[in-house]
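A quick write-up on the structure given underneath.
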């Protein structure tokens, strides 16, 4: 009996160490401000606000909004699709390539998060969720331009979709 208690007592520190080790393996939550600062340096003109084309933030430039799903692997049920954001189909802007458009949208997202003066404030801004990092990628295919706005956080993904839908209807 005493041997069993001794064995059980010695397992407690091992269990604690293993559970702490698992926490290290989990991805840490990205800090929105740090992400925005990095994104601003990478995508915005140094020391000045970008020159946004007028139609970039015009709700009439939105052709359609669809949910964006990603494949999530779960241990119990196998692969399943999970909402990750929105696909916003935009009217092409003749003076911008898809790469230029992606850069401007990421710059806007970063400057909005950092509350930079002069940054356009949009009602139901689909390219920025306060306090949450979002990933924006723009793809151009067969004359269509699609902005994929996503987050790994399910609540933020729902907010992105809600905002994009409301923005496109306004």
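If you take the residues of region 117-129 that are touching a helix residue (DSSP H, G or I) at 6+ places or on another chain (Cβ under 7 Å) and part of a loop (DSSP other than H, G, I, E, B), which of them is surrounded by the most Cβ atoms within 10 Å (Cβ to Cβ)? The qualifying residue surrounded by the most Cβ atoms within 10 Å (Cβ to Cβ) is 126.
Scan region 95-110 and give yes if some residue there is closer than 17 Å to residue 137 by Cβ, part of a loop (DSSP other than H, G, I, E, B), assigned by TED's automatic domain parsing to the domain that holds residue 162 and more than 20 Å from the chain's Cα centre (by Cα), otherwise no. Yes, the conditions are met somewhere in region 95-110. Being crowded, with 19+ Cβ neighbours inside 10 Å and within 14 Å of residue 61 (Cβ to Cβ) is the filter here; which residues of region 153-170 pass it? Residues satisfying the conditions are 164, 167, 168. If you go through region 74-94 and keep only what is surrounded by fewer than 17 Cβ atoms within 10 Å (Cβ to Cβ) and under 18 Å from the mean Cα position of the chain (by Cα), you end up with 81, 82, 89. Total residues in region 77-131 satisfying the condition of being touching a strand residue (DSSP E or B) at 6+ places or on another chain (Cβ under 8 Å), farther than 24 Å from residue 170 by Cβ and without any contact (Cβ under 8 Å) to a residue 40 or more places away in the chain: the figure is 4.
There is at least one residue in region 160-170 that is out of contact with any strand residue (DSSP E or B) (no Cβ under 8 Å at 6 or more places or on another chain) and part of a loop (DSSP other than H, G, I, E, B). Among residues of region 134-152 being modelled with pLDDT of 95 or more and outside any strand (DSSP E or B), the one that is surrounded by the fewest Cβ atoms within 10 Å (Cβ to Cβ) is 151.
The values are calculated or read from the model by the stated rules, or taken from the named source; none is laboratory data. Quick caveat: nothing in here was measured; it's all calculated off a predicted structure. Don't worry about glycine lacking a Cβ; one is built from the backbone with ideal geometry, like all the others, and counts go over all protein chains shown.
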